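Single-structure report; data block below.
The values are calculated or read from the model by the stated rules, or taken from the named source; none is laboratory data. All figures in this text were calculated on a predicted structure; none of them were measured in a lab. So basically every Cβ, Gly included, is an ideal-geometry build from the backbone, and we count neighbours across all protein chains shown. We work out accessible area using only protein heavy atoms, side chains counted, and drop any ligands, DNA or RNA first. Shrake-Rupley method; radii C 1.70, N 1.55, O 1.52, S 1.80 Å.
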Amino acid sequence: MKKNRNQAFTLVELLMVVAIIGLLASILIPTVGTVREKAAIASGKSQLSQYLNAIQQFKGEYGYYPFSKGKEDYIIPLSDPTVARLFIETLSGRDTETGQSKAVGGNRKRIAFHDFSENELYLGDDDLTVFSQVADSFNNRNIIIMVDGNGDGFLSPEPASAFPAPPEQKLRESITAWVESDDINDVPAYALWEN
């Protein structure tokens, strides 16, 4: 007569399965994090390109770049709250507080060159959106835009921090942008001139 035995995994077999799953997880989790970071950087670069496009449209409409400062290359530091508010209001043609149409920063026709969505705006410490401050995909406000104010067709960006690295040679562009690293929140830096 045959005995009916229950088939089950032994303790050793179960430990081996757990060890294999742990090994696979240790390989996959950092990879997923890297992929997410690269996707967020790509999203941030797209956002910067949209800003540059809006500035170019402004120039096409009015014949000059917004925020110009004489006949030299200049930067637009969007980490400065006053500059960020003026940037949003100028390119959207709207007041950041009321949402009403507003002629500011030379946009006398109140044209909406760019509509700022909530995911482009800074999320404050209280988890409330700050409608007068732009931020990238990492909620980093250290966004810098550089404009060819002297009209020579070249730019020489010099980021204040070590990252992103400045380009190896002058850029043959009339406008560019980059995001400097935020060491406090440990978010990456990137620039449109990088691949």
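How big is the stretch 59-99 by Rg and Dmax over its Cα atoms, in Å?
Calculated on Cα positions, Rg and Dmax stand at 11.5, 34 Å.
Apply the a/c threshold of 1.5 to the C-alpha gyration tensor of the stretch 87-195 and tell me whether it is rounded, prolate or oblate.
Verdict is oblate for the stretch 87-195.
For the stretch 1-128, what does the relative contact order come out to in percent, with C-alpha contacts under 8 Å and a separation of six or more?
On the way: 84 pairs, mean separation 19.9, N = 128.
16 percent.
For Cα pairs less than 8 Å apart in space and 6+ apart in sequence, what is the mean separation divided by the residue count of the stretch 108-195, i.e. the relative contact order in percent? List each step's numbers first, then the result.
Working: 133 pairs, mean separation 18.3, N = 88.
It rounds to 21 percent for the stretch 108-195.
Quick one: what are the phi-derived ³J(HN,Hα) couplings along the stretch 109-118, Karplus 6.51/-1.76/1.60 with θ = phi - 60°, whole Hz, x for glycine and proline?
In residue order, the calculated couplings are 8, 6, 7, 8, 6, 8, 9, 7, 8, 4 Hz.
Do any of Lys59/Lys102; Lys38/Lys59; Lys71/Lys102 go past 21 Å between their Cα atoms, and which?
From the list (Lys59/Lys102; Lys38/Lys59; Lys71/Lys102), the Cα-Cα distance tops 21 Å for Lys38/Lys59; Lys71/Lys102.
So for each of 68-76, 21-29 I average, over its residues, the number of other beta carbons within 10 Å; can you give me the resulting order with the highest mean first?
68-76, 21-29
Taking H as built 1.01 Å from N, whose amide H comes closer than 5 Å to the amide H of Val187, not counting residues under 5 places away?
The answer is Asp182.
Out of the total accessible area of the chain (probe 1.4 Å, heavy atoms of protein only), what percent is carbon and sulfur?
Carbon with sulfur: 54 percent of the solvent-accessible area.
When ranked by the protection proxy of mean other Cβ atoms within 10 Å per residue, highest first, what sequence do the peptides 124-132, 89-97, 110-118 form?
Those peptides, ordered most packed to least, come out 89-97, 110-118, 124-132.
How large is the helix-only mean residue ellipticity at 222 nm for the chain, computed as the sum of -39500 (n - 2.57) over DSSP H runs with n ≥ 4, divided by its residue count, in deg cm²/dmol to the nearest 500?
After summing the helix terms and dividing by the residues of the chain, the value is -12000 deg cm²/dmol.
Just the accessible area per residue of the chain, please: how many Å² with a 1.4 Å probe? Don't jump to the answer; show the numbers that get you there.
On the way: 12480 Å² over 195 residues.
Averaged over the residues of the chain, the accessible area is 64 Å².
Taking each pair of distinct Cα atoms in the stretch 1-125 once, what is the resulting Kirkwood hydrodynamic radius in Å?
This gives a value of 19.2 Å.
Can you bin the stretch 61-135 into rounded, prolate or oblate? Criterion: square roots of the alpha carbon gyration tensor eigenvalues sorted a ≥ b ≥ c, rounded for a/c under 1.5, prolate for a/b above b/c, oblate for the rest.
Judged from the Cα gyration tensor, the stretch 61-135 comes out oblate (a/c at least 1.5, b/c at or above a/b).
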